[in-house]
Amino acid sequence: MPDLDSDIQYLKGVGPAFAKKFAKLGIHTIRDLLLHYPRRYIDYSKPYTVVSAPFDVDCCVKATVLQRDPDRRVKGGRMLSHVVASDDTGILSLSWFNAPYAAQKLEPGTEYYFEGRVGGTLTRREILHPIIRTEEQVAAVPLLPVYGATEGLPAARITRCVQTALAYVDQLEDPLPPALLTKYRMPAKAEAVRAIHSPRDAADAAAARRRLIFEELYLLQLGIFLLRGHGRQATGAPMRPMDLGPFWRSLPYAPTGAQRRAAAEITADLCGETPMNRLLQGDVGSGKTLVAAAAIWFAAQNGWQSAMLAPTEILARQHAANLADRLEPFGVNVTLLVGGMKASEKRVALAAIADGRAGLVVGTHAVLTDSVVFHNLGLAIVDEQHRFGVRQRGILAGKARNPHLLVMSATPIPRTLGLLMYGDLDISVLDELPPGRKPVRTWFITGRKRRDMYGYLEKQIAAGHQVYIVCPAIEENEVDSGMKAVKKYYEETVCPLLPGRRIGLLHGKMKPKEKDEVMQRFKNGELDVLVSTTVIEVGVDVPNATVMVIENAERFGLSSLHQLRGRVGRGSADSCCILVSDNESEGVRSRLSFLCHTPDGFAVAKYDLETRGPGDFFGEAQHGLPTLQIADLVQDTRTLTVAQAEAKALLAVDPSLSRPEHKALSDEVERLFSATGAMN
């Protein structure tokens, strides 16, 4: 008989074919299926009347079937099935395409519950492809769970498989200490999982969610603190206090107060007994690299090497050139190490790193390879933190004995979210822009103004400036027809509307070397226009670029739009960002209008988090921490605070979760983080 960790294909009703579909949802075992929680519930216990059902909202309507119309073939070859139902308030039209069995099982004169998105008119409502339930089914299960589905694996099939899997639920060990369950009046793990999949009522579902949200945040905080504890031994790079005055006085301009404050926090950490573990967070253009340069200078004066890891080769080259200007006058040799170097250049660089002549090594993932051996690495710096996971940071830190670690991010996030994403780090924030940095004007237009916009772009190019144009997709078949596929847009729109101009194309399916070559040509001024997907989002500095055009702007989170906007406005000329969208949704227009009037990245991120939810930040596990299954960072901040406090309290008495009574807890933390490689 299968157990919790058996392959999902051995669960009755699954088999090898559906197991492959479940794998697309990250479900490989029976345990994974039990821990795949419902996204929402359909509450059949409180149905709407036909007329009271809200438009364009998923809801349940109770009505009696009047008649079934004969199936008929419609334009495009699809088969349309149609049923008319009603109640005392109005008529409900029900339609299905290529699903004749759904309509055939409905009996005229019988009352049913229909769930779906309601459209139509005030007197005649309609639902396309409704979910149907009988009075008996609703009496047995008033709250129907709805799961995230995938192609070939509909939500109804997932629901049936989950109900089968509940036979194994009592095998789930409860990782939470009994004292916590008592203290916060929470149900046991098996009881909570059973209730979230098959609740008796809304209160039952709420109690289960509360317990499982607490557990997820508690495990996450324990894992974060354990990761942080890996470097809590005495540092292998002790440093002595030193005045940063000589470094600041060498600059052609005065640093901001925020830069001085962040540098002071960092150097205080560098003089501590344990390794620094700090995040330097600042909006686009706030001067994070200068603060990093101050830290590198400080480490060099103390006799230690530094390393900086950048996500792309072109960004690594940019950092190396900028840092060399700042540091080489002080005798700090800056060495570049990237994959695209010649073998002879690489040998020279590796030798300089190994014998200590390289005071600073700037590179890409090439720095993480086994061939790189440092003489005395004291400070490791990771730029664009969200592009690297916890494990990659660990590899860099593993190049020495407990070196100091500084990670930098231009992704502005609210502090609460920062504590969760970067909970293994202390946080410094650059909340001032350097003087002289001009704000980027932001406009929102529809496609009807596109030709006028291209006239403006032509004028900018004629004045000697450069232009970015960003599209969200690469190929037409990846998206719906409303999105601008970057290749097609480049060929059919940009080139015809800007004849004679030098136009480059950049997208994520190009090889890294090809991408770097195109970006370098744009940076060198050899291209007037760069048509690109979001691969240009990360930090490359092109001061001559003055316009950022973003097509289908509604497809991006506000934080992503703000990051893209930050690619311009880096020189002395006035710059602007143009958001293009034909989406007529009031919510979309409100979001884009907000960005037009708000230059502050932290305000943008807060608004984005509140209106779009945490998915914009946690949609991809780029940050190296586990993706949350059930916790909502907007709604559950109070639970997060409690979970953090309880995690700290437990680790104060059992720092490595090594006590026998905490084995189940330790195993769950390991399981949660295993997919990221963070605990390796």
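Does residue 464 meet the test of being part of a loop (DSSP other than H, G, I, E, B), farther than 30 Å from residue 281 by Cβ and either at pLDDT 90 or above or in contact with a strand residue (DSSP E or B) (Cβ under 8 Å, 6 or more places away or on another chain) (or both)?
On the way: part of a loop (DSSP other than H, G, I, E, B): yes; farther than 30 Å from residue 281 by Cβ: yes; either at pLDDT 90 or above or in contact with a strand residue (DSSP E or B) (Cβ under 8 Å, 6 or more places away or on another chain) (or both): yes.
For residue 464, the condition - part of a loop (DSSP other than H, G, I, E, B), farther than 30 Å from residue 281 by Cβ and either at pLDDT 90 or above or in contact with a strand residue (DSSP E or B) (Cβ under 8 Å, 6 or more places away or on another chain) (or both) - is met.
Per-residue answers, yes or no, for (1) crowded, with 19+ Cβ neighbours inside 10 Å; (2) of a type in the set (Gly, Ala, Ser):
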| position | (1), (2) |
| --- | --- |
| 518 | yes, no |
| 523 | yes, no |
| 547 | yes, no |
| 552 | yes, no |
| 556 | yes, no |
| 560 | yes, yes |
| 563 | yes, no |
| 573 | no, yes |
Selection from the range 182-191 of residues assigned to a helix (DSSP H, G or I) and surrounded by fewer than 16 Cβ atoms within 10 Å (Cβ to Cβ) yields 182, 183
Mind listing just one residue for me: the one in the range 329-374 that is touching an Asp or Glu at 6+ places or on another chain (Cβ under 6 Å) and not aliphatic (A, V, I, L, M) and, of those, surrounded by the most Cβ atoms within 10 Å (Cβ to Cβ)? 364
When the range 200-259 is checked residue by residue, the ones that are assigned to a helix (DSSP H, G or I) and of a type in the set (Ser, Thr, Tyr) are 218
Condition first: surrounded by fewer than 17 Cβ atoms within 10 Å (Cβ to Cβ) and without any contact (Cβ under 8 Å) to a residue 60 or more places away in the chain. Now tell me which residues in the range 27-64 satisfy that. 28, 46, 49, 52, 58, 64
Specify the residue that is farthest from the chain's Cα centre (by Cα); the eligible residues are those in the range 299-313 that are of a type outside the set (S, T, N, Q) and surrounded by fewer than 24 Cβ atoms within 10 Å (Cβ to Cβ). 303
For residue 104, state whether it is at pLDDT below 90, more than 30 Å from residue 173 (Cβ to Cβ) and out of contact with any helix residue (DSSP H, G or I) (no Cβ under 6 Å at 6 or more places or on another chain). yes
Criterion: of a type in the set (D, E, K, R), farther than 22 Å from residue 317 by Cβ and touching a residue at least 12 places away in the same chain (Cβ under 8 Å) - qualifying residue of 488, 513, 523: 488
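The values are calculated or read from the model by the stated rules, or taken from the named source; none is laboratory data. In this text the structure is predicted, and so the values were computed from the model without any measurement. Virtual Cβ from ideal backbone geometry, glycine too; neighbours counted across all protein chains shown.
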